[in-house]
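Peer 1: Input: one structure, supplied below.
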Amino acid sequence: MQIRAKKLRDGAVMPRRASAGSAGADLYACIDAPVVIAPGRGAAIPTGIAVELPEGHVGLVYARSGLACRHGVIPANCVGVIDCDYRGEVTVFLTCLYDTSYTVEPGERIAQLVVTPYAQAEFVESDALTETARASGGFGSTGTR
């Protein structure tokens, strides 16, 4: 699958996969100077790109495991959603969970973008739902092991 992408400013780096088996394409910070994210705070980091996702597909913006595990830096909304009809700049709002500030450098890989198909469900009101063995058992209802 090919995804059309447009560079919106100088210094923008096209999303790219780190290896042949990578599900996600790395997104890069398109900033002129380093941005410090203080503990418990966040910052909007532009990528300098816009994408044209095919109809019926969504772009999911996930944390990079290295940033998340080593530095506690993740997208503030956990998983960002880029709808197929959005044509604006992809911006990642990063937050720092650890007690040490993190500095985002220009051109740094900040997140990963996974493109996947989705189903557009139509929700229909009903007086009853089918029964299951689990029924309405919620959090922890299936056991801990």
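The values are calculated or read from the model by the stated rules, or taken from the named source; none is laboratory data. Just so it is clear, the model here is predicted, and its values are computed rather than measured. Glycine gets a Cβ as well: all are built from the backbone with ideal geometry, and neighbour counts include every protein chain shown. Only protein heavy atoms, including side chains, enter the accessible area calculation; ligands, DNA and RNA are left aside. Shrake-Rupley method; radii C 1.70, N 1.55, O 1.52, S 1.80 Å.
Peer 1: Scan segment 1-79 for trypsin sites (Lys or Arg not before Pro) in coil per DSSP, keeping those whose Cβ has at most 16 other Cβ atoms within 10 Å, and list them by number.
Peer 2: Here the trypsin sites (Lys or Arg not before Pro) that fit, given the DSSP loop and packing criteria, are ARG9, ARG17, ARG41.
Peer 1: Keeping every protein chain present and rolling a 1.4 Å probe, give me the accessible area per residue for the chain in Å². Intermediate values should be presented prior to the final figure.
Peer 2: Working: 9710 Å² over 145 residues.
Result: 67 Å² per residue.
Peer 1: Can you check what the net charge comes to around ARG4, using other residues whose Cβ is under 14 Å from the Cβ of ARG4 (Lys, Arg +1; Asp, Glu -1)?
Peer 2: Neighbourhood net charge equals 0.
Peer 1: Also: Report, to one decimal in Å, the Kirkwood hydrodynamic radius for the chain based on all distinct Cα pairs.
Peer 2: One decimal place: 17.3 Å for the Kirkwood radius.
Peer 1: Have a look at segment 56-127 and give its Rg and Dmax from the Cα atoms, expressed in angstrom.
Peer 2: In order Rg, Dmax, the Cα atoms of segment 56-127 give 15.7, 54 Å.
Peer 1: What residues have an amide H closer than 5 Å to that of VAL92, excluding those fewer than 5 places away on the same chain, when H is modeled at 1.01 Å from N in the peptide plane?
Peer 2: Sorted by chain and number, the residues that satisfy this are ILE45, THR47.
Peer 1: Could you work out how much longer the chain between ALA119 and THR91 gets when fully extended? Use 0.36 nm per residue separation minus the Cα distance between them, nm to one decimal.
Peer 2: 7.6 nm
Peer 1: On the accessible surface of the chain, probed at 1.4 Å, how many percent belong to carbon and sulfur atoms?
Peer 2: 51
Peer 1: Also, quick follow-up: When you take every Cα atom in segment 30-90, what is the radius of gyration, and what is Dmax, the widest Cα pair distance, in Å?
Peer 2: Values for segment 30-90 (Cα only, Rg and Dmax): 13.3, 38 Å.
Peer 1: Another question, then. Run the quick spin-label model on ARG4 and SER22: label points 7 Å from Cα toward the beta carbon, then report their separation in nm to one decimal.
Peer 2: Distance between label points: 2.4 nm.
Peer 1: Which ³J(HN,Hα) values in Hz, rounded to whole numbers, follow from the phi angles of segment 129-134 under the Karplus curve 6.51 cos²θ - 1.76 cosθ + 1.60, where θ = phi - 60° and Gly and Pro get x?
Peer 2: 10, 5, 7, 9, 5, 6
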